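Reviewing the structure listed below.
The values are calculated or read from the model by the stated rules, or taken from the named source; none is laboratory data. Everything numeric here is computed off the predicted structure, so don't read it as measured data. Note: ideal-geometry Cβ built from the backbone for every residue, glycine included; neighbour counts use all protein chains shown. Surface accessibility is based on the protein's heavy atoms, side chains included, excluding ligands, DNA and RNA. Shrake-Rupley method; radii C 1.70, N 1.55, O 1.52, S 1.80 Å.
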Amino acid sequence: MPRKLAAGNWKMNGLRANVKELATLAQRHSDASVDILICVPTTLITTCQDTLFDIGGQDCHTAESGAHTGDISAQMLSDAGATYVITGHSERRADHGETDQIVAAKSAAAYAAGLTAVICVGETLDERGSGTTLDIIDGQLAGSIPGGATSDNTVIAYEPVWAIGTGKVPTLEQIAEVHAHIRAQLQARFSDGTDMRILYGGSVKGSNAADIFGVPHVDGALVGGASLKADDFSPIISALEKS
Ligand code: 13P
């Protein structure tokens, strides 16, 4: 069984004053039996360096360095203290036109810098409505995961676009179907695909976490809004520990 992972994605939220939430979380979960990762804005990575938890970035450039004003390389994230980076989040795919090819290049850059990539996939509401969810997921998995992926350097996050920040969550059957499908794809392509962690993301809260974590092949969660406050994230971590 892959080791479970509770991951927070703070997105474009968080000032230095908010880092105290991590100290509160650390008091409650100092002996956690699951891995805990917080993907903070780049500006906070150094500030968070001494936290008990793994710290991640939310994006990186495909190149190690160069004339790319405003961008951050995977090597820079690592240098600042990050050990993970999210790649291919649907907000970046939508807001910045990131293709599967770009996501694969960013993930390869993460590996080269020694970071673990949390590679995101997920269908839109239209795609689900038209019955193409599994085809979309297949295309994203095939295109976004570079060669060299292992269970150590890669985590997959299934985040249905329509469930992000909406309070809408797929049924447990729908989550089970996609996660089992992703597992089969990973096993077919990678020798340690059985051990690659697959997270569910999209409106995870303390109230629905236990049910979601009971679904086969759900190895944790990638949590947005409910990761910002220790009081909201803590019950999700506890539910994962009990699952
Ligand atoms: P919410 O938990 O706010 O729906 O966000 C999910 C997400 O996008 C995590 O990356």
Handout entry: Relative frequency of Cα-Cα separations exceeding 15 Å in region 202-242, percent
Key = 28
Handout entry: I38 long-range amide H proximity, modeled H, under 5 Å
Key = G8, D54, I55, G56
Handout entry: Long-range HN-HN contacts of V118 with modeled amide H, under 5 Å
Key = V85, I86, T87, V155
Practice task
Mind scanning K11/K229; K106/K229; K11/K106 and naming the pairs with a C-alpha gap bigger than 20 Å?
Solution key: K106/K229
Practice task
Mind jotting down the three principal axis lengths of region 58-110 based on Cα atoms? Whole angstrom, largest first.
Solution key: 28, 24, 17
Exercise for the section: Heavy atoms only, probe 1.4 Å: what % of the accessible area of the chain goes to carbon and sulfur, would you let me know? Expected result: 50
Exercise for the section: Would you mind classifying region 39-155 by shape? Square roots of the alpha carbon gyration tensor eigenvalues, ordered a ≥ b ≥ c; an a/c under 1.5 is rounded, otherwise it is prolate if a/b is larger than b/c and oblate if not. Expected result: prolate
Practice task
Using the charge dipole of region 95-174 (Lys, Arg: +1 at Cβ; Asp, Glu: -1 at Cβ; taken about the Cα centre), state which of P170, L141, S107 has its Cα farthest towards the positive end.
Solution key: S107
Practice task
With a Förster radius of 41 Å, plug the Cβ-Cβ distance of A26 and S130 into 1/(1 + (r/R0)^6) and report the FRET value to the nearest 0.05.
Solution key: 0.35
Handout entry: Under 14 Å, Cβ to Cβ, from L77 - net charge with Lys/Arg +1 and Asp/Glu -1
Key = -4
Fill in the blank from the handout: Rounded to two decimals, the Debye log10 I(q)/I(0) of region 171-243 (Cα scatterers, no solvent) at q = 0.20, 0.23 Å⁻¹ is -0.80, -0.97
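Roll a 1.4 Å probe over the protein chains and send me the accessible area per residue for region 41-96 in Å².
51
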Problem - Dmax and Rg, reported as Rg then Dmax, of the chain (C-alpha, Å) - result: 16.5, 47
